[in-house]
């Protein structure tokens, strides 16, 4: 994240660009998922968006969806999301109210996206509210497929994530 901000501030910064390329390579080569079940649910949601709205870049679609998806699924694995809050955003855990800790981290993620000029909702991408049901229908392959991740998402769940991402 630091390298991303550094690249935006100074596009000629070789070290920042090298760090971005290294991080991107690690993120996309499958190494971090070796030996583990990977969860690419947000990517599957986004593919429907950029499939229907071809002007939408994959990363922009991910940014617009990620926080709403996280808010929808985190209760299925509170401990894992607390690790995210601590390890990514250095948020102190409120053990009496762990949801507050996680929501703080998700809000920080959303603020980060905004700080680097990324969209934080589907409206910003030009997605029409009238298309949300079709996006969910396509993503669920006509209501026959569920997306498996922290929480299994069927058509109604997928539609709710799209609706949340539209109204952020």
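No value in this document is a laboratory result; all are computed from the given coordinates. These figures come from a predicted structure and were not determined experimentally. Counting neighbours? That spans all protein chains shown, and the Cβs are built from the backbone with ideal geometry, glycine included.
Please compute the Kirkwood hydrodynamic radius of the stretch 1-88 from all pairs of different C-alpha atoms, in Å with one decimal. Show your work: numbers first, answer last.
Details: mean 1/r = 0.0657 Å⁻¹.
Every distinct Cα pair counted, the radius reaches 15.2 Å.
Taking 129, 12, 110 in turn, the Gaussian network model of the chain (Cα-Cα springs below 10 Å) assigns the largest fluctuation to 12.
Can you give me the relative contact order of the stretch 77-168 as a percent, contacts being Cα pairs under 8 Å and 6 or more apart? The partial results should precede the final answer.
Working: 79 pairs, mean separation 20.2, N = 92.
Relative contact order here is 22 percent.
Across all directions, the average flat footprint of the convex hull enclosing the Cα atoms of the stretch 96-154 is 5.7 nm².
Helix content alone sets the calculated 222 nm mean residue ellipticity of the chain: runs of n ≥ 4 DSSP H residues at -39500 (n - 2.57) each, divided across all residues, give -19000 deg cm²/dmol.
Could you rank the peptides 40-52, 89-101 by their average count of other C-beta atoms within 10 Å per residue, with the highest value first? Walk me through the numbers before you get to the answer.
On the way: 40-52: 18.6, 89-101: 13.2.
Final packing ranking: 40-52, 89-101.
Each of 53, 166 has some number of other Cβ atoms within 10 Å of its Cβ, and from fewest to most they run 53, 166.
When every Cα-Cα distance of the chain is counted in 5 angstrom steps from zero, the calculated P(r) takes the values 1, 8, 15, 18, 20, 18, 12, 5, 2, 0 percent. Taking the chain as a Gaussian network, Cα atoms linked when under 10 Å apart, which of 140, 68, 25 shows the biggest mean-square fluctuation? So, out of 140, 68, 25, the one fluctuating most is 25. Cα centroid separation, the stretch 42-64 to the stretch 109-168: 9 Å.
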